[in-house]
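Input: a single structure, listed below in structure tokens.
The values are calculated or read from the model by the stated rules, or taken from the named source; none is laboratory data. The structure presented is a predicted model; accordingly, all values stated were derived computationally and were not measured. Positions of Cβ are generated from backbone atoms using ideal geometry, with glycine treated the same way; all protein chains shown enter the neighbour counts. The accessibility values were calculated without ligands, DNA or RNA, using every heavy atom of the protein model including side chains. Shrake-Rupley method; radii C 1.70, N 1.55, O 1.52, S 1.80 Å.
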Amino acid sequence: MLKEIVSGLSFFNVFSMFHQHSTTISKGGSLDVHPTEKALVVQYEVEATILGEMGDPMLGERKECQKIIRLKSLNSNTDIASLARKVVEECRLISPSRLPEVEQLLFYLQNRKKSAEKKEKKQIKPRDLTPFEGMELDEEANINSIDDYIELLYEDIPEKIRGATLILHLARNPDNLEELLQNETALGALARVLREDWKQSVDLATTIIYVFFCFSSFSQFHGLITHYKIGVLCMSIIEHELKRYDLWQDELLKKKKADILSKEYEKALKKYHGLLTKQEQLLRVALYLLLNLSEDTRTELKMRNKNIVHLLVKTLDRDSEELLVLVVSFLKKLSIFLENKNDMVRNTLICFYPKRRCSSGYLKYAESVSVHSWLVCVCVSGDEAQRQIAMCILYHISMDDRFKSMFAYTDCIPQVMKMLFDCGEERIDAELISFCINLAANKRNAQIMCEGNGLKMLMKRALKLKDPLMMKMIRNISQHDGPSKNLFIDYVGDLAAQIGLKEEEEFVIECLGTLSNLTIPDLDWELVLKEYNLVPYLKDHLKPGSAEDDLILEVVIMIGTVSMDDSCAVMLAKSGIIPALIELLNAQQEDDEFVCQIVYVFYQMVFHQATRDVIIKETQAPAYLIDLMHDKNAEIRKVCDNTLDIIAEYDVEWGKKIQSEKFRWHNSQWLEMVENRQMDEAEPFMYGDDGEPFLQNGDILERPDLFYSSDGIIPVDGAISPEFFTDFQNGDLLGPHGFPSSSLTDGYGQTGVTPARPATAYGFRPDEPFYYGYTTSR
């Protein structure tokens, strides 16, 4: 019968019911230092035995226990030998024979002190909820006395605080949570007291919320907190306390203005600081609990619906570093979702950034006029973690074309350039170089980067280290017309020299892209091609599969650039590049980028008589262009139309074919109707007075005025010259929707009498924002 009773209860909870029992404590346990505190940890065993009526042992049990001996007085001047003797004398669990071991452990603690404290102060972690003022007790909480603690919750406020504090001491030990979970009376009483009395005592509210916070640290207990609606109550408490804070501020300001002698103000200020300390303790523990509950996105959504972002942003206007770290951590978690990010913007979160400087690294103070400058300041003077986060933010800002230009009106670009050059020959951080690549896509930013010896130093570093990312930045700078582009004349030879060498493909791609952007009238491309023997390289790399598609595409773009020069176009035509382009067009006909740029090369070449004759008489390029005239891609259609118009002017046979195809396409439905309708069912208006058909299909093709209107591309008399197309492409003859639009060709603008290169088929160009997770040229 005795065994059945004991089996249902913990032995150490019931053995005291029996008058005859014995307890033995073993002193042979281990002795070690506490991992974080200045304390010794003593491990020992307790053996309890229940004796029968005759004194014979009936039942026994062993339990492992530990005792922590805290050494608050231990410092660098402490006498270790004296302290060790005192510890052995006062702690009966340690045998006197272990005195040397105690001295050794104390000596270790004494020398560990500085490094431990230094590490502790380095960063405050948001999840470290430390004990606060008011948690101290003059007695040790015991799980067996839980019923007595519950009774205290039905007394006055001081007793309620004491009862809640005792329960809190139990809840701080995770081993007790399961047992407390089974005690619905205790949890129900705590929830009731919090709901009814939180306005009467900040200490009481803080203590009870802390109890539930201990449960919230474990996901399996979140259902319990939801059941008692503690989360909703916490949000109500936080909102109320923030309103109280505003009232305190107003009252304090009034007293400061009214009290000339400052005595009353100083008294009120002292009281205010006391209230503020307690309030921030309450806010901190309540927000911690909500942060833990927000692990469930459904719960987080409920918090957002109750305006959690607004409460957090308001809490940022505090001086408590621990509270600020928590709030920013919470905001960081919420900001993952777009809706929460928008709420932060609406609540002017960014207005708080210059008000604080936290040593923990979450917030930083900077006297500046813009977020850009402040973030750059963090990048320059912050620690490693701060720099990386700030640079990532700058990078994301620079991805938006609307904000790129803003950097030109701060000291951001000079400081970023200095950071680049300070790297020396070391690898540049991906975030930093990616940010610079995006900045260089803006014309004004690029000009600032080139000031002084900026471009010279960039080129020197890129060519020396063969850095493809640095060269990508230079490529973006080279795309802008104006003074900055002319600076590249000095580096054409250096860039061309890289193409023939066996360099990394990514680096060569960027060098080719940079050269392709150099549409400078004074640049002698024929001399460059000959001196660096580039024609064989360009031809060899037009073969499908000869290299990666990125490199082949850059070769095509390069050919399009040099083809503006008459002598270069002739040189390329004689080398057999035109058939190679047609072969590549066949192979890449599904890739709109390739098709668009290859057709642009043909467009450039038909401006020159020598290459125009080759294209018209010796190749089937016009036939391919006719097929592409109705391509689904608008950019391809525009380039084809303009190229075919020039071909039609200089070759009668091809002109008729092009006219016929244009008429067939624009009147396809009408022609189909004419061919399918029976003559006897034809409408009367299709016949003349003599009964003959009014107009035959063959006659229509002899009437170009029917499908070339007065405002069309080709006039009725057929008189046209390449100069017409020059004006046409420069915008003199184009309407607002003509080709090529300046908004699409910015960065590829050609100079002289030639048109701009079209934008690529997918709507992006080599100057698009660079994503530092990738290193391709597009």
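Using the Cβ-Cβ distance between Arg62 and Arg192 with R0 = 25 Å, the FRET efficiency computed as 1/(1 + (r/R0)^6) comes to roughly 0.05. Calculated FRET efficiency, Ala385 to Asp138, Cβ-Cβ distance, R0 = 41 Å: about 0.45 to the nearest 0.05. When each of the peptides 617-623, 303-309, 553-559 is scored by the mean number of other C-beta atoms lying within 10 Å of its residues, the order from highest to lowest reads 553-559, 303-309, 617-623. FRET efficiency for the pair Tyr108 and Asp540, taken as 1/(1 + (r/R0)^6) with r the Cβ-Cβ distance and R0 = 60 Å, rounds to 0.25. What separates the Cα centres of segment 379-424 and segment 198-263 is a distance of 39 Å.
When the pairs Lys199/Lys306; Lys464/Lys574; Lys543/Lys574; Lys263/Lys314 are compared against a 27 Å limit on Cα-Cα distance, Lys464/Lys574; Lys263/Lys314 fall above it.
The slack between Glu45 and Arg298, meaning 0.36 nm per residue of separation minus the straight C-alpha distance, is 86.4 nm. When nucleic acids and ligands are ignored and a 1.4 Å probe is applied, Glu300 ends up with an accessible area of around 10 Å². The slack in the chain from Gln589 to Ala497, taken as 0.36 nm per residue of separation less the alpha-carbon distance, amounts to 30.0 nm. Segment 305-344 and segment 58-101 have Cα centres separated by 46 Å. Note on Glu179 and Arg346: their simple-model spin labels are 4.9 nm apart, each label 7 Å out from Cα toward Cβ. If the chain linking Ala430 and Arg402 were pulled fully straight, counting 0.36 nm for each residue of separation and taking away their Cα-Cα distance, it would gain 7.8 nm.
Counting only the backbone N, which residues of segment 160-204 are under 14 Å from the spot 7 Å out from the Cα of Ser145 toward its beta-carbon? What the label zone holds, given the 14 Å backbone N cut-off, is 162-170. Which whole-angstrom value gives the distance between the alpha carbon centres of segment 574-629 and segment 430-460? Each part's Cα centre sits 36 Å from the other's.
When Asp175, Asp566 are compared by accessible area of protein heavy atoms, the largest-first order is Asp175, Asp566, using a 1.4 Å probe. Output the pairs from Lys341/Lys456; Lys332/Lys404; Lys229/Lys267; Lys530/Lys662 with a Cα-Cα distance over 30 Å in this structure; if there are none, say none. From Lys341/Lys456; Lys332/Lys404; Lys229/Lys267; Lys530/Lys662, over 30 Å: Lys341/Lys456; Lys229/Lys267; Lys530/Lys662. Using C-alpha pairs under 8 Å with a sequence gap of at least 6, the mean separation divided by the residue count of segment 389-460 gives a relative contact order of 40 percent.
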